[in-house]
Structure formats: C-alpha cells, structure tokens
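Report on one structure; see the data block that follows.
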Amino acid sequence: MSNKTITLYDVAARAGVSYQTVSRVINGAANVSVRTRHNVEQAMQALHYVPDPAARQLAGKRRRIWGLVTTDLSLHAPSQIAAAIKSQASQAGVDVSIAMLEALSEQACCQALDTLLAQRVEAVAVNLPLSASQASALVARYAHAPILFLDVPASAQVPSVTFDAAQGAALGAKHLLSQSLNRIALLHGPLSSVSAVQRRAGWVDTLAQAGVQPVAQGEGDWSAASGYLQAQVLLSYQPQGILVANDQMALGVLRACAERGISVPGEVSVVGFDDTADSAWFTPPLTTIRQDFRQLGESCVFWLNSVAGKKTPASQCLPVTLVVRESTGEAGKGRPQPAALAQQLHVLAEQVAKLPS
C-alpha cells in the first residue's frame with residue numbers, strides 16, 4: 001500500500017483539468033462549470049484527497065471564525081451549549097475556537113479573550129457566570145470586539161442570550177406544590193454563579209407565595225459528586241421533595257436516595273434543571289426544567305452573524321419548560337414515609353397483642 005501524499009496535481013491529473021481549476025473548486029470560486037466541479041469532486045473523493053485548511057487561507061479564502069469562552073466542559077450543560085453553538089455555526093460555514101477556563105477569574109477571562117482575538121475571530125460568546133458589572137467592564141475593555149454573554153443577570157446592560165431562570169425555578173417549585181408537598185429542600189449551585197443565585201431566588205419566592213419555607217438548603221458545585229454529598233445532609237431533614245439546580249447534582253441525589261433505600265418518588269420527589277441529554281435515562285427518569293440548548297445555539301449564531309453584518313440585535317431571554325418524568329409523584333403513592341410506616345407497625349403490634357392466645 002503506497003504512503004504517497006495525494007496532492008492538488010494528482011487530483012488535477014485524474015480530473016483532466018489544470019491544478020488552478022482544482023484550486024478554484026476547493027475555494028468555491030463561481031467561475032467553474034457544474035460539470036467540471038463535479039469531475040473534480042469525484043476525483044478528490046476517489047483519491048481521498050483532503051484540502052489543507054492552511055493552504056486555503058493562503059489562497060485568500062480564510063474561513064470565518066467565532067470565539068467561545070466557556071467554563072468546565074466536563075459539566076453537561078456547558079458542553080451541550082458548546083456543541084449546540086458549534087453545530088449551528090458549522091451550518092453557517094463558520095468555525096468556533098473554544099477557550100475553556102478551569103477556574104473563573106477576571107484575569108483568566110481576559111487572557112482567554114486576548115487569545116481568541118489574536119486569532120482574528122469576528123465575535124465572541126462568553127458562557128461564564130458574570131455579574132452585570134463584570135460583563136459591562138469586559139464590554140468597555142474590549143470595545144473593538146463584539147461580545148455576547150450567555151450567563152449574566154437579566155438586569156445586565158450588555159448583549160446577551162439567556163434562559164429564563166426565574167420561570168424555570170417557579171415551574172419546578174409549583175410542580176411539587178401541586179402534589180401537596182410542603183416539606184421541600186433546596187440544593188442550589190455555587191452562589192458565585194449567576195444562574196445558581198437566580199434559580200435559588202425563584203424557588204424561595206415561589207414557595208413563600210404558597211406559605212412554605214424550605215426545610216433545608218444545600219450548596220453544591222454542579223457536579224454529581226457534590227449532589228451526592230449534599231443529599232446526605234438534606235435527606236436527614238426528611239423532605240418530601242428536593243429542588244436541584246442542575247441535572248448532574250440531581251443524579252447524585254438519586255444515588256444517595258438509592259443507597260439509603262429511600263424510594264423516588266414514593267418517599268421523595270426530585271426535580272432537576274437543564275434537561276441534559278442523559279436525564280431521561282436516570283433511574284428513575286428525571287423530572288426537570290428543559291433549557292433548549294439547540295435554540296440557544298441558533299440564537300447565538302443569529303446574533304454573531306448579525307454583528308458580523310454590522311447590525312445590533314437585541315438581547316434575548318429564552319423560555320424554559322417543565323418536563324415531567326418518573327422522579328416526581330404525590331407523597332404516599334409509593335413506599336410509605338418512615339414515620340408513617342413506624343406508626344402503622346406500632347398499631348399492628350398492638351392489634352396482634354390483643355389477639356387471644
């Protein structure tokens with residue numbers, strides 16, 4: 001088997017055209033007939049020829065690039081957002097260069113933006129939890145570069161595409177309340193996160209309107225491991241329901257319940273947030289708040305394209321929906337609560353003691 005590298009000239013010889021014609025086909029030039037383009041593409045396919053991106057740029061056909069600054073992609077939601085943006089950008093003929101921050105700081109964020117802008121990206125999407133003042137400072141510092149924010153407060157006066165965290169929190173809390181559950185615990189994300197703060201506030205406000213106070217609250221770091229550890233404490237308060245700020249932490253909660261022999265939803269109903277791709281496959285399948293990451297990707301690409309075209313699209317707040325699965329149900333429809341079970345056993349024991357010997 002030959003290891004010879006296939007070149008532009010090999011493609012030209014097989015297609016019966018000049019190498020300049022092959023170059024024009026690769027670079028999408030308009031002055032090539034349909035038949036000639038087809039012959040060249042057939043030759044490329046037969047020879048397994050892959051055009052060199054660097055050569056295309058040298059030929060004057062530099063591919064458009066957008067930037068994305070994001071948090072840890074080992075977390076499901078950020079990874080799905082990144083995938084959605086890359087997928088939609090690819091359909092628009094644009095590459096996405098990603099800078100991932102392992103630790104959030106102003107210096108790290110600026111370094112990431114500097115790196116991306118050095119690559120001559122047209123615009124940047126920033127999926128980091130930033131306060132309104134932090135986002136405004138970045139806009140001022142990088143006034144020459146269009147920046148779109150994906151995780152800032154609704155009050156921030158910066159270009160943004162976000163999900164309606166307050167709506168999502170209200171939907172989750174009302175779902176548990178509708179099942180006559182009033183012993184509800186909260187597991188929120190790190191309070192350094194804008195999304196975590198907004199979701200927690202939405203839960204507390206919605207419960208307060210119904211005259212309900214959380215029986216306990218815990219703070220995780222978005223990971224399943226932190227959800228598992230926090231659940232150990234929350235479950236000691238014997239909640240009837242747990243509202244969790246993301247699906248990964250909810251997975252940890254379900255694991256903790258399973259280890260303790262606590263049935264979900266018989267004893268405890270669990271509601272997540274995000275509707276990541278795996279949540280429908282948890283045991284039991286997770287009731288959660290769906291954030292449409294594909295729609296977010298489409299909105300980001302629309303904004304980035306508009307800015308590249310010198311337009312100034314408005315910020316957008318995307319709606320969310322409740323997805324009801326098998327992790328929620330009315331208390332008592334599954335296995336009895338421990339206290340109720342103990343009472344039933346006590347009554348039964350008394351009845352047995354009264355039986356004639």
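The values are calculated or read from the model by the stated rules, or taken from the named source; none is laboratory data. These figures come from a predicted structure and were not determined experimentally. Positions of Cβ are backbone-derived with ideal geometry, glycine not excepted, and every protein chain shown enters the neighbour counts. Keep in mind that these areas ignore ligands, DNA and RNA; they rest on the heavy atoms of the full protein, side chains included. Shrake-Rupley method; radii C 1.70, N 1.55, O 1.52, S 1.80 Å.
Can you confirm whether residue 116 is in a helix (DSSP H, G or I), under 26 Å from residue 63 (Cβ atoms) and either among the aromatic types (Phe, Trp, Tyr) or open to solvent by less than 10 Å² (accessible area, probe 1.4 Å) (or both)? Before the answer, list the steps.
Numbers: in a helix (DSSP H, G or I): yes; under 26 Å from residue 63 (Cβ atoms): yes; either among the aromatic types (Phe, Trp, Tyr) or open to solvent by less than 10 Å² (accessible area, probe 1.4 Å) (or both): yes.
Yes; evaluated as a whole, the condition is true for this residue.
So, in region 11-36, of the ones that are assigned to a helix (DSSP H, G or I) and modelled with pLDDT of 85 or more, which residue ends up most open to solvent (accessible area, probe 1.4 Å)? Can you show your working first?
The initial filter retains those residues of region 11-36 that are assigned to a helix (DSSP H, G or I), namely 11-15, 19-26, 34-36.
Filter again for modelled with pLDDT of 85 or more, leaving 11-15, 21, 35-36.
On the way: 11: 0, 12: 7, 13: 80, 14: 151, 15: 20, 21: 18, 35: 188, 36: 38 Å².
Among those residues, the one meeting the criterion is 35.
Among the numbered criteria (1) among the polar types (S, T, N, Q); (2) surrounded by fewer than 22 Cβ atoms within 10 Å (Cβ to Cβ); (3) under 30 Å from residue 236 (Cβ atoms), which one does residue 305 miss?
With respect to (1) among the polar types (S, T, N, Q); (2) surrounded by fewer than 22 Cβ atoms within 10 Å (Cβ to Cβ); (3) under 30 Å from residue 236 (Cβ atoms), residue 305 is out only on (3).
Exactly one of (1) assigned to a helix (DSSP H, G or I); (2) of a type in the set (Asp, Glu); (3) more than 29 Å from residue 130 (Cα to Cα) is unmet by residue 267. Its number?
(1)
Can you pull out every residue in region 139-149 that is modelled with pLDDT of 90 or more and open to solvent by 50 Å² or more (accessible area, probe 1.4 Å)?
139, 140, 141
May I ask you to list the residues in region 170-212 that are closer than 23 Å to residue 126 by Cβ and touching a residue at least 60 places away in the same chain (Cβ under 8 Å)?
189, 192, 193, 194, 195, 196, 199
If residue 179 passes every condition in (1) at pLDDT below 95; (2) crowded, with 19+ Cβ neighbours inside 10 Å but one, which one does it miss?
So the condition that residue 179 fails would be (2).
Listed here are the residues, each with its yes/no results for (1) among the aromatic types (Phe, Trp, Tyr); (2) without any contact (Cβ under 8 Å) to a residue 40 or more places away in the chain; (3) open to solvent by 50 Å² or more (accessible area, probe 1.4 Å).
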| position | (1), (2), (3) |
| --- | --- |
| 218 | no, yes, no |
| 224 | no, yes, no |
| 238 | no, no, yes |
| 246 | no, no, no |
| 256 | no, yes, no |
| 260 | no, yes, yes |
| 266 | no, no, no |
| 280 | no, no, no |
| 287 | no, no, no |
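Can you give me the number of residues within region 122-138 that are under 23 Å from the mean Cα position of the chain (by Cα), within 17 Å of residue 301 (Cα to Cα) and open to solvent by 10 Å² or more (accessible area, probe 1.4 Å)?
1
Here is a list of conditions, (1) at pLDDT 95 or above; (2) outside any strand (DSSP E or B); (3) open to solvent by 10 Å² or more (accessible area, probe 1.4 Å); (4) not acidic (Asp, Glu), and residue 234 meets all of them except one; can you say which number that is?
(3)
For region 134-157, how many residues are more than 19 Å from residue 319 (Cα to Cα) and among the aliphatic types (A, V, I, L, M)? So that I can check it myself, show each step before the final result.
Initially, region 134-157 is screened for residues more than 19 Å from residue 319 (Cα to Cα), giving 134-147, 157.
Next, only the ones that are among the aliphatic types (A, V, I, L, M) stay: 135, 137-140, 143, 145, 147.
Here the count works out to 8.
Of everything in region 279-291, what is touching a helix residue (DSSP H, G or I) at 6+ places or on another chain (Cβ under 9 Å) and not in a strand (DSSP E or B)? Give them in sequence order. Steps first, answer last, please.
Residues of region 279-291 touching a helix residue (DSSP H, G or I) at 6+ places or on another chain (Cβ under 9 Å): 279, 282-291.
Once the filter is applied, which keeps residues that are touching a helix residue (DSSP H, G or I) at 6+ places or on another chain (Cβ under 9 Å) and not in a strand (DSSP E or B), region 279-291 yields 279, 282, 283, 284, 285, 286, 291.
Just to verify a result, which residue in region 190-216, among those that are in a loop (DSSP other than H, G, I, E, B) and at pLDDT 95 or above, is surrounded by the fewest Cβ atoms within 10 Å (Cβ to Cβ)?
Taking region 190-216 as the starting set, the residues that turn out to be in a loop (DSSP other than H, G, I, E, B) are 190-193, 210-215.
Imposing the further condition that a residue be at pLDDT 95 or above reduces the set to 210-215.
Working: 210: 13, 211: 8, 212: 17, 213: 10, 214: 20, 215: 17.
Taking the candidates together, the pick is 211.
Please work out if residue 152 is modelled with pLDDT of 90 or more and on the phi < 0 side of the Ramachandran plot.
On the way: modelled with pLDDT of 90 or more: yes; on the phi < 0 side of the Ramachandran plot: yes.
Taking the combined requirement at face value, the residue satisfies it.
Quickly run through region 231-241 and pick out the residues that are in contact with a Leu (Cβ under 6 Å, 6 or more places away or on another chain) and under 23 Å from residue 290 (Cβ atoms). Reasoning before the result, please.
Start the filter on region 231-241 by keeping residues that are in contact with a Leu (Cβ under 6 Å, 6 or more places away or on another chain), which leaves 240-241.
Within region 231-241, 241 is the sole residue that qualifies.
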